Amino acid sequence: MMIAVLTCDIIGSRFFSNKDRALLQKSIREFFDVTCRLFPQAKADVISFRVTAGDEFQFSLLEPCYSYQFLLHLRLQTSLLKVDRMPLFRCGIGTGERSVEGQTSYEMDGTAYYRSRQALSAISDSAVNDRLTSIVTPNEQLNKYLSGLLPLLDIFENEWSMRQREFILHQMEGRNVMDTAVEIDTSHQNVSKALKTANWDEFKAGIELIQGFIKDAT
C-alpha cells in the first residue's frame with residue numbers, strides 16, 4: 001500500500017524558552033488533530049503521530065496526493081501560535097510502502113519512511129537556509145520536477161506576514177474573502193489585497209500541481 005510519511009523538524013528550537021517549547025509541542029499535536037478533521041480525504045493515520053527525536057515529529061497519510069496541502073495547513077496553524085518567535089518547521093515527505101516489523105505502529109518501517117528521512121536531510125543539510133519542504137517519491141522524473149517547484153513555494157511561504165498567514169488559513173478552511181473580512185473585522189479589499197500580495201492564486205496552482213502529479217504517480 002502506497003502511503004506518505006511526513007517527518008518534521010522545528011526550526012531553531014533551541015531559541016525557544018522551555019515554556020514556549022512545551023506549548024509548541026503540545027499545540028502541534030492539537031493542530032494535527034484539527035487538520036485531520038478538516039482534511040479527511042488525506043486519511044491521516046492518527047495513531048502514527050509521534051515525536052521521533054528532540055523536536056522532530058512524524059506521521060503518515062494514507063492518501064499521499066494530499067500530503068502537501070495537509071502539511072501547509074498544519075504549518076500555518078503552528079506559525080500563528082502566540083510565542084516569542086514565529087514557529088516554523090521543515091518537512092520531508094516520502095511516498096512509498098509501509099512494512100510493519102513488530103506489533104505496534106512504533107515499529108513501522110518501509111520505503112516511505114526512508115524517503116521521508118532522505119527528503120528532510122536534503123533540506124536540513126542544504127546551504128540554502130530558507131528551505132521548508134522536500135518530497136521524495138519512487139518516480140525520479142517527478143522528484144526532479146518537485147525539486148524545482150518546491151523551492152519557489154518555500155520562498156512565497158517564507159515571505160508571508162502573520163496577517164497573510166491568517167487570511168490564507170481561512171481560505172484553506174473554506175471561508176471566502178467576505179467571510180474572512182467579517183470574522184477578522186477588516187474590509188474585503190484588505191483581504192483581497194493581502195492574498196494577492198502573498199501570491200496565493202499562484203500558490204494554490206502549485207498545490208494543485210503537486211496533488212495531481214503525486215496522484216498520477218501512485
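The values are calculated or read from the model by the stated rules, or taken from the named source; none is laboratory data. Keep in mind that what you see is a predicted model, and the values were worked out from it rather than measured. Counting neighbours? That spans all protein chains shown, and the Cβs are built from the backbone with ideal geometry, glycine included.
Observations
- Candidates ASP20, ASP84: the one that is surrounded by fewer than 17 Cβ atoms within 10 Å (Cβ to Cβ) and acidic (Asp, Glu) is ASP84.
- All conditions in (1) more than 14 Å from TYR68 (Cβ to Cβ); (2) under 15 Å from the mean Cα position of the chain (by Cα); (3) crowded, with 18+ Cβ neighbours inside 10 Å; (4) not charged (D, E, K, R) hold for ASN158, with the sole exception of (3).
- Among the criteria (1) farther than 27 Å from PHE213 by Cα; (2) outside any helix (DSSP H, G or I), the one GLN25 does not fulfil is (2).
- Enumeration of residues in region 52-66 that are of a type in the set (A, V, I, L, M, F, W, C), crowded, with 19+ Cβ neighbours inside 10 Å and part of a strand (DSSP E or B): PHE57, PHE59, LEU61
- Residue in region 153-176 that is within 23 Å of PRO87 (Cβ to Cβ), assigned to a helix (DSSP H, G or I) and in contact with a Gly (Cβ under 7 Å, 6 or more places away or on another chain) present: yes
- Among the residues examined, THR137 qualifies as in contact with a strand residue (DSSP E or B) (Cβ under 8 Å, 6 or more places away or on another chain), surrounded by 15 or more Cβ atoms within 10 Å (Cβ to Cβ) and of a type outside the set (A, V, I, L, M).
- Scan of region 171-218 for residues that are among the basic types (Lys, Arg), closer than 19 Å to TRP160 by Cβ and surrounded by fewer than 15 Cβ atoms within 10 Å (Cβ to Cβ), ordered by number: LYS193, LYS196
- Candidates THR133, THR104: the one that is at pLDDT 95 or above, of a type in the set (Ser, Thr, Tyr) and either touching a helix residue (DSSP H, G or I) at 6+ places or on another chain (Cβ under 8 Å) or more than 27 Å from ASP201 (Cα to Cα) (or both) is THR133.
To keep it simple, each residue is scored yes or no on (1) modelled with pLDDT of 95 or more; (2) more than 22 Å from GLN211 (Cα to Cα); (3) crowded, with 21+ Cβ neighbours inside 10 Å; (4) under 16 Å from the mean Cα position of the chain (by Cα).
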residue: PHE16; (1), (2), (3), (4): no, yes, no, no
residue: GLU30; (1), (2), (3), (4): yes, yes, no, yes
residue: ASP33; (1), (2), (3), (4): yes, no, no, yes
residue: PHE39; (1), (2), (3), (4): yes, no, no, yes
residue: ARG50; (1), (2), (3), (4): no, yes, no, yes
residue: TYR68; (1), (2), (3), (4): yes, no, yes, yes
residue: ARG75; (1), (2), (3), (4): yes, no, yes, yes
residue: THR95; (1), (2), (3), (4): yes, no, yes, yes
residue: THR111; (1), (2), (3), (4): no, no, no, no
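- Test: residue in region 154-174 that is touching a strand residue (DSSP E or B) at 6+ places or on another chain (Cβ under 9 Å) and either among the acidic types (Asp, Glu) or closer than 30 Å to SER134 by Cα (or both): yes
- Qualifying residue in region 136-147 (condition: aliphatic (A, V, I, L, M) and assigned to a helix (DSSP H, G or I)): yes
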